[in-house]
Amino acid sequence: MAQTIALGLSAPPQDTTGVEHPFDSSLTGKVAAAGMLPVATEQYRRLAAILHRAQGNSGMRVVIVTSAISGEGKSLTTTNLALTLTRSYERRVLLVDADLRRPTLHRIFGLGRLRGVNEYVRANGSHVLDLVPVAPRLSLLPAGEPDSDPIGALTSQTMQRIVETGREMFDWVLIDTPPIGLLPDAGLIAAHADGVLLVVRAGHGPFDLIKRAIETLGRERILGIVFNGAETSRGYGDDYYGYYGKSGYGSR
């Protein structure tokens, strides 16, 4: 059942400690649930630890997750990071699906299509916004009905209000966005965030597109690069993915 939150309220959402929701069965072993490889779980904990320390140093709360092209694993990375922050660090997390063209997060949690960001923005924030509790301390804000031209929604004051209210009500706001190398959406939302995580899959995206994505976002905004799908035999150190800070990308 959806939890109804009127944006603008200063009170946090009701406790969702007892909430459990089934994940899409096709993703078993890929999300931070029963069946995930232990090495993958530990890598997500490493990534969460880095963000936890960064929050302590700078107070950051809002992070967007994007990639240069599709198929890099950004939505699963966003989901697993959110689950890790709620479980290992007991943080209250708002997971926002800002891929308003091709929403994904509701499917990861085994949900049907729900109204969300698109409907709220179209109504100019005139109705309450439904947040869906999907795990203990984790709430999902779905994208809603897909929109082929979401630029107006992403640049609206209503969208900014969604992010800022999430910042006030939750310990973390993680925003899943479309690939920055294909669409301008992530760059528009980045203006409301404290930083960006760029997901790169080993052997998948052309280096030129990754470099262009970094330049588009601005190196100063990138918190780090999540290197997805790296194999131990290739010397990356972890057989799921490794995390590299600001020095993790270069000109070569």
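Things to note:
- Probe 1.4 Å, accessible area per residue of the range 175-221, Å²: 41 Å²
- Share of carbon and sulfur in the accessible area of the range 173-216 stands at 53%, probe radius 1.4 Å.
- For the range 37-132, carbon and sulfur atoms together expose 48% of the accessible surface, with a 1.4 angstrom probe and every protein chain in place.
- Taking all protein chains into account, the per residue accessible area for the range 30-133 stands at 38 Å² (1.4 Å probe).
- With the Kirkwood sum run over all distinct C-alpha pairs, the range 33-177 has a hydrodynamic radius of 15.6 Å.
- In terms of the mean number of neighbouring beta-carbon atoms within 10 Å, the peptides 52-61, 113-122 order highest first as 113-122, 52-61.
- Kirkwood-based shape ratio for the range 55-136, expressed as Rg/Rh from alpha carbons: 0.97
The values are calculated or read from the model by the stated rules, or taken from the named source; none is laboratory data. Not measured: the values here are computed from a predicted model. Reconstructed Cβ throughout: ideal geometry from the backbone, glycine too, with neighbour counts over all protein chains shown. Please note that ligands, DNA and RNA were not included when accessible areas were found on the heavy atoms of the full protein model with its side chains. Shrake-Rupley method; radii C 1.70, N 1.55, O 1.52, S 1.80 Å.
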